[in-house]
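What follows is a short report on a single structure.
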Amino acid sequence: MSFTNQKLHFGAAYYPEHWSEERWSEDIRLMKAAGMTVVRMAEFAWSTLQSGPDNFNFDWLERAIDQLAAKGIDTVLGTPTAAPPAWLVQKYPDLLAVDESGRRVQFGNRCHYCVNSPEFHSASQQIVKAMADRFGDDPHVIGWQIDNEYNRVCYCERCQSLFQQYLQDKFVSLEALNEHWSTSYWSQTYSAWEQIPIPIGPHNPGLMLEFKHFISESYRKFQLMQLDILRPRLKPGVWVTHNFMGWYNGFDHYTLTKDLDLASWDWYVGSGYHDYLQSGAAHDLARGFKRRNFWLMETQPGNVNWSPLNNSLNKGEAHLMAWHAVAHGADAVLYWQWRSAPGGQEQYHGSLIDQSGQPRPFYAEAQQLGGEFKIASEWLAGSVVKTDVAMLNCYDSRWSIGWQRHHHDFDYVAHFNNYYRPLSAGNVNVDIISADEPLDGYKLVVAPSLLILNNKRIAQLKEFVKNGGCLVLTLRCGMKDDYNSLLPSRQPGSLAELAGLEVEEYYALHDPIPVVGDIFNGSSRLWAERLKLLDGNLTIPIARYGVCNGWLDDQAAVAVHQYGKGIVFYIGAYLDEFSQQALINHILLTAGISSIKTPSGIEVRTRVRTNGEELFFVLNHTRAEQTFSWPWPGVELLSGQVRTGEVKLAPYGVAILSKNAGDNPA
Ligand code: GAL
């Protein structure tokens with residue numbers, strides 16, 4: 001079943017249980033007036049839905065769903081398992097998770113559960129089943145969200161013994177485990193499964209990696225348990241998701257999204273203002289989880305309450321951010337939240353309605369967006385983001401590097417973004433996908449710090465280049481195997497044949513060092529690799545280090561190699577912004593990918609409609625008016641005007657343009 005977007009949804013998280021029912025009609029009137037088409041409800045309502053082991057109360061929720069539906073507003077239901085109620089915790093105190101220091105977490109926040117607790121599983125089964133029985137075929141419930149932002153890691157004894165069982169299933173014999181983890185080092189050899197600890201702080205790299213896999217599998221099982229209850233009870237077309245947290249690194253998101261119908265995520269800026277070159281990557285990451293459009297399940301209406309400085313976004317900024325999300329593949333934008341509860345930990349969080357029940361100033365901005373979504377909805381139905389460019393993301397590589405940074409400032413995601421940003425600044429759409437996904441259809445694949453290699457990855461990358469693809473490998477590539485053990489070869493392992501080189505040595509840099517190339521003259525910071533060219537005729541160095549530590553002086557820093565019908569760039573330097581942009585521009589040209597030049601802060605993205613027509617989103621991320629020259633006569637969707645030549649964009653302004661002057665949405 002494919003869950004194609006037929007509508008661009010707009011809404012908010014709504015907690016009717018915080019207010020008396022008399023208030024609901026006014027809330028719903030205001031939602032309708034703001035153009036809302038959907039609310040998400042119930043993801044923290046467990047104690048209201050079930051006040052004791054056999055006391056269910058779903059009537060209020062049904063009334064809320066019905067009243068919303070009467071005004072044309074659909075519902076996404078959250079399963080409330082992120083907030084196990086006090087009566088349940090009292091009955092099963094060891095349902096509470098244990099933290100790293102061995103302390104049980106306290107009741108009264110959320111996600112306080114041990115994800116592997118059998119009592120928690122059966123209580124979750126009970127509430128999810130009861131909810132699904134009641135609302136699974138409700139025509140107004142269009143989707144379900146399981147739990148809320150998984151994030152807890154439990155260190156209890158039960159988790160430890162399940163971890164040991166997980167290891168036994170995976171390695172079968174202790175000899176194999178000892179071998180893969182090199183446990184003769186520091187006398188770590190295990191002679192019984194029960195001896196294996198849960199890692200606290202730095203530990204054996206193999207053990208640390210498996211613990212991350214175990215956490216991912218634990219959440220997957222918990223989620224599957226809920227999915228198995230939901231699926232048979234939902235009417236066809238109703239999807240199930242979970243709201244992830246962008247680049248959060250607690251588990252492998254590809255493991256968790258595998259079983260879901262669509263991915264969604266929660267985007268908050270926190271302190272400061274949005275940076276579109278960074279947030280674009282987080283949206284593209286979410287789109288890559290299922291390789292299809294996603295929902296922005298929560299976003300910031302003005303300010304948050306949890307940052308060191310909870311400044312409000314500027315007027316117009318959130319409106320632009322919503323369109324930016326849509327331009328990157330969001331099919332829905334929901335604000336968190338409609339109205340703040342009178343009590344509880346989030347009293348100061350931004351919302352659309354204030355504590356007095358009146359719309360905040362931000363409501364008007366949301367209302368504008370609601371009106372625009374209505375106009376654009378038909379145009380965007382079924383449309384998707386298409387691109388020839390993929391970036392490969394790998395949680396194992398990220399974790400491994402994060403635990404052994406070698407330079408404290410080296411961060412996998414920051415280095416990843418050093419490649420994403422110049423692509424995005426050139427207005428090139430990018431898919432961010434798992435390093436294990438097939439690469440068919442791409443012309444350019446960028447694999448930042450693909451530290452962990454296995455045969456499948458090597459074979460896919462070889463095939464891709466052999467058939468004419470352009471591959472970019474970067475520093476820290478090809479160092480380790482799937483067990484987080486060093487490969488018995490120099491970097492980039494078996495990709496050396498592809499890259500036509502090997503890394504003779506890597507250096508964490510105290511200070512930036514010069515890198516001089518055919519295309520740029522800049523510097524490398526944090527890291528530098530000394531490249532040894534293996535294929536004299538076909539590997540060409542295109543940049544070398546300048547005079548620095550002696551070891552790197554005049555050594556190759558960036559090289560390009562022809563392989564099969566394709567080409568491979570190996571980039572051993574961590575280049576400064578300008579050099580990186582110049583190099584990426586060169587790579588785009590080599591790969592035959594066209595970019596669009598825009599003034600700084602102006603973003604252009606495209607979504608392709610079912611009839612093949614491209615819709616262009618032109619987004620002004622600056623606080624100044626900007627002009628952008630538009631080459632074809634085309635309709636600007638929101639105003640209905642035909643535009644050609646110069647398009648003026650107000651501060652934080654948005655224009656959505658079709659290529660055809662005679663266009664209509666049908
Ligand atoms: C999210 C969470 C919401 C709300 C929001 C506040 O992480 O899912 O329930 O707490 O943060 O910013």
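Looking only at residues that are part of a helix (DSSP H, G or I), within 16 Å of the ligand (Cβ to nearest atom) and not small (G, A, S) in segment 32-57, which one is nearest to H112 (Cα to Cα)? It would help to see each step written out before you state the result.
Taking segment 32-57 as the starting set, the residues that turn out to be part of a helix (DSSP H, G or I) are 32-33, 46-49.
Checking the rest, the ones that are also within 16 Å of the ligand (Cβ to nearest atom) come to 46-48.
So of that shortlist, the ones also not small (G, A, S) come out as 46, 48.
Numbers: W46: 13, T48: 18 Å.
Once the filter is applied, the top-ranked residue is W46.
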- Among the listed residues I571, I593, which satisfies the condition of being surrounded by 17 or more Cβ atoms within 10 Å (Cβ to Cβ), β-branched (V, I, T) and under 15 Å from I519 (Cβ atoms)? I571
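For segment 443-488, which residues satisfy the criterion of being within 28 Å of the chain's Cα centre (by Cα) and either outside the structural domain of V558 (by TED's automatic domain parsing) or part of a helix (DSSP H, G or I) (or both)? Quick ask: steps written out before the conclusion?
At the first step, the residues of segment 443-488 found to be within 28 Å of the chain's Cα centre (by Cα) are 443-465, 469-485.
N455, K456, R457, I458, A459, Q460, L461, K462, E463, F464, V465, listed by residue number.
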- State all residues of segment 311-342 that are over 20 Å from the mean Cα position of the chain (by Cα) and more than 23 Å from T622 (Cβ to Cβ); if no residue qualifies, say none. Q337, W338, R339, S340, A341, P342
- Can you tell me which of V430, V333 is more than 16 Å from the ligand (Cβ to nearest atom) and either in the same structural domain as P301 (by TED's automatic domain parsing) or crowded, with 20+ Cβ neighbours inside 10 Å (or both)? V430
- In segment 97-141, what residues are buried (at least 21 other Cβ atoms within 10 Å of the Cβ) and either in a helix (DSSP H, G or I) or of a type in the set (A, V, I, L, M, F, W, C) (or both)? A97, C114, V115, F120, A123, S124, I127, V128, M131, A132, F135, V141
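Considering only segment 241-262, how many residues are at negative phi and within 15 Å of the ligand (Cβ to nearest atom)? Steps first, please.
Residues of segment 241-262 at negative phi: 241-245, 247-262.
Now narrow it down to the ones that are within 15 Å of the ligand (Cβ to nearest atom): 241-245, 247-248, 250.
Counting residues in segment 241-262 that are at negative phi and within 15 Å of the ligand (Cβ to nearest atom) gives 8.
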- Filter result for E625 (of a type in the set (D, E) and over 24 Å from the mean Cα position of the chain (by Cα)): yes
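Looking at segment 262-273, which of its residues are assigned to a strand (DSSP E or B) and free of Cβ contacts under 8 Å to residues at least 60 places away in the same chain? If you could, list the steps in order and put the result at the bottom.
Initially, segment 262-273 is screened for residues assigned to a strand (DSSP E or B), giving 264-267.
Correct list: W265, W267.
Results for (1) surrounded by 13 or more Cβ atoms within 10 Å (Cβ to Cβ); (2) without any contact (Cβ under 8 Å) to a residue 60 or more places away in the chain; (3) under 30 Å from Y92 (Cα atoms), shown as yes or no for each residue.
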{"residue": "E22", "(1), (2), (3)": "no, yes, no"}
{"residue": "S25", "(1), (2), (3)": "no, yes, no"}
{"residue": "R29", "(1), (2), (3)": "no, yes, no"}
{"residue": "G35", "(1), (2), (3)": "yes, no, no"}
{"residue": "V39", "(1), (2), (3)": "yes, no, no"}
{"residue": "E43", "(1), (2), (3)": "yes, no, yes"}
{"residue": "F56", "(1), (2), (3)": "yes, no, yes"}
{"residue": "Q67", "(1), (2), (3)": "yes, yes, no"}
- Query: Would you call A69 in a helix (DSSP H, G or I) and within 25 Å of S218 (Cα to Cα)?
  - Reply: no
- Here the residues within segment 619-646 that are exposed (fewer than 13 other Cβ atoms within 10 Å of the Cβ), in a loop (DSSP other than H, G, I, E, B) and on the phi < 0 side of the Ramachandran plot are A624, E625, S639, Q641
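Can you go through Q491, Q581 and tell me which one is in a loop (DSSP other than H, G, I, E, B), crowded, with 17+ Cβ neighbours inside 10 Å, under 33 Å from the mean Cα position of the chain (by Cα) and modelled with pLDDT of 95 or more?
Q491
Check segment 350-363 and report whether any residue there is within 11 Å of the ligand (Cβ to nearest atom) and either in the same structural domain as M36 (by TED's automatic domain parsing) or surrounded by fewer than 22 Cβ atoms within 10 Å (Cβ to Cβ) (or both). First the steps, then the outcome.
Step one: list which residues in segment 350-363 are within 11 Å of the ligand (Cβ to nearest atom), which gives 350-351.
Filter once more, keeping what is either in the same structural domain as M36 (by TED's automatic domain parsing) or surrounded by fewer than 22 Cβ atoms within 10 Å (Cβ to Cβ) (or both): 350-351.
So far as segment 350-363 goes, yes, one or more of its residues are within 11 Å of the ligand (Cβ to nearest atom) and either in the same structural domain as M36 (by TED's automatic domain parsing) or surrounded by fewer than 22 Cβ atoms within 10 Å (Cβ to Cβ) (or both).
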- Message: If a residue must be surrounded by 19 or more Cβ atoms within 10 Å (Cβ to Cβ), hydrophobic (A, V, I, L, M, F, W, C) and within 10 Å of the chain's Cα centre (by Cα), how many such residues does segment 246-268 contain?
- Response: 3
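Could you identify the single residue in S340, S307, S271, S312 that is within 16 Å of the ligand (Cβ to nearest atom) and either buried (at least 24 other Cβ atoms within 10 Å of the Cβ) or modelled with pLDDT under 95 (or both)? Give the steps one after another, and end with the answer.
Numbers: S307 fails: either buried (at least 24 other Cβ atoms within 10 Å of the Cβ) or modelled with pLDDT under 95 (or both); S271 fails: either buried (at least 24 other Cβ atoms within 10 Å of the Cβ) or modelled with pLDDT under 95 (or both); S312 fails: either buried (at least 24 other Cβ atoms within 10 Å of the Cβ) or modelled with pLDDT under 95 (or both).
Answer to the selection: S340.
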- Item | Criterion violated by E317 - all others in (1) more than 14 Å from the ligand (Cβ to nearest atom); (2) free of Cβ contacts under 8 Å to residues at least 40 places away in the same chain satisfied | (2)
- Scan segment 542-568 for residues that are buried (at least 18 other Cβ atoms within 10 Å of the Cβ) and either at pLDDT below 95 or over 16 Å from A591 (Cβ atoms) (or both) and jot them down. A543, R544, Y545, C548, L552, Q555, A556, A557, A559
- Task: Examine segment 29-47 for a residue that is more than 16 Å from W338 (Cβ to Cβ) and more than 28 Å from the chain's Cα centre (by Cα), and state whether such a residue exists.
- Result: yes
- Item | Number of positions in segment 147-179 that are within 16 Å of the ligand (Cβ to nearest atom) and touching a strand residue (DSSP E or B) at 6+ places or on another chain (Cβ under 9 Å) | 5
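Condition check ((1) surrounded by fewer than 23 Cβ atoms within 10 Å (Cβ to Cβ); (2) out of contact with any Lys or Arg (no Cβ under 6 Å at 6 or more places or on another chain); (3) outside the structural domain of Y507 (by TED's automatic domain parsing); (4) part of a loop (DSSP other than H, G, I, E, B)) across all residues:
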position: S397; (1), (2), (3), (4): no, yes, no, no
position: H406; (1), (2), (3), (4): yes, yes, no, yes
position: A414; (1), (2), (3), (4): yes, yes, no, no
position: N418; (1), (2), (3), (4): yes, yes, no, no
position: L423; (1), (2), (3), (4): no, yes, no, no
- Query: How many residues does segment 5-27 contain that are touching a Gly at 6+ places or on another chain (Cβ under 8 Å) and at pLDDT below 95?
  - Reply: 2
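Condition (residue is farther than 29 Å from Q368 by Cα and either surrounded by fewer than 20 Cβ atoms within 10 Å (Cβ to Cβ) or small (G, A, S) (or both)) applied to segment 7-18: is it met by at least one residue? Show your work before the answer.
The initial filter retains those residues of segment 7-18 that are farther than 29 Å from Q368 by Cα, namely none.
So far as segment 7-18 goes, no, none of its residues is farther than 29 Å from Q368 by Cα and either surrounded by fewer than 20 Cβ atoms within 10 Å (Cβ to Cβ) or small (G, A, S) (or both).
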- Message: If I filter segment 58-75 for residues that are within 28 Å of the chain's Cα centre (by Cα), away from the ligand (no atom under 16 Å from the Cβ), among the hydroxyl-bearing types (S, T, Y) and within 29 Å of T257 (Cβ to Cβ), do I get at least one hit?
- Response: yes
- Query: Counting just the residues of segment 274-293 that are in a helix (DSSP H, G or I) and within 16 Å of the ligand (Cβ to nearest atom), which one comes out surrounded by the most Cβ atoms within 10 Å (Cβ to Cβ)?
  - Reply: A286
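Quick check on L177: is it closer than 25 Å to L96 by Cα and either buried (at least 22 other Cβ atoms within 10 Å of the Cβ) or out of contact with any helix residue (DSSP H, G or I) (no Cβ under 7 Å at 6 or more places or on another chain) (or both)? Give the derivation first.
Numbers: closer than 25 Å to L96 by Cα: no; either buried (at least 22 other Cβ atoms within 10 Å of the Cβ) or out of contact with any helix residue (DSSP H, G or I) (no Cβ under 7 Å at 6 or more places or on another chain) (or both): yes.
The answer is no for L177.
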- Across segment 558-578, what is the number of residues that are part of a helix (DSSP H, G or I) and over 19 Å from M391 (Cα atoms)? 1
- For segment 186-212, the count of residues that are over 15 Å from Y150 (Cβ atoms) and in a helix (DSSP H, G or I) equals 12
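The values are calculated or read from the model by the stated rules, or taken from the named source; none is laboratory data. Bear in mind the structure is a predicted one, so any value in this text is a computation, not a measurement. Neighbour counts are summed over all protein chains in view; Cβ atoms, including those assigned to glycine, are modelled from backbone coordinates with ideal geometry.
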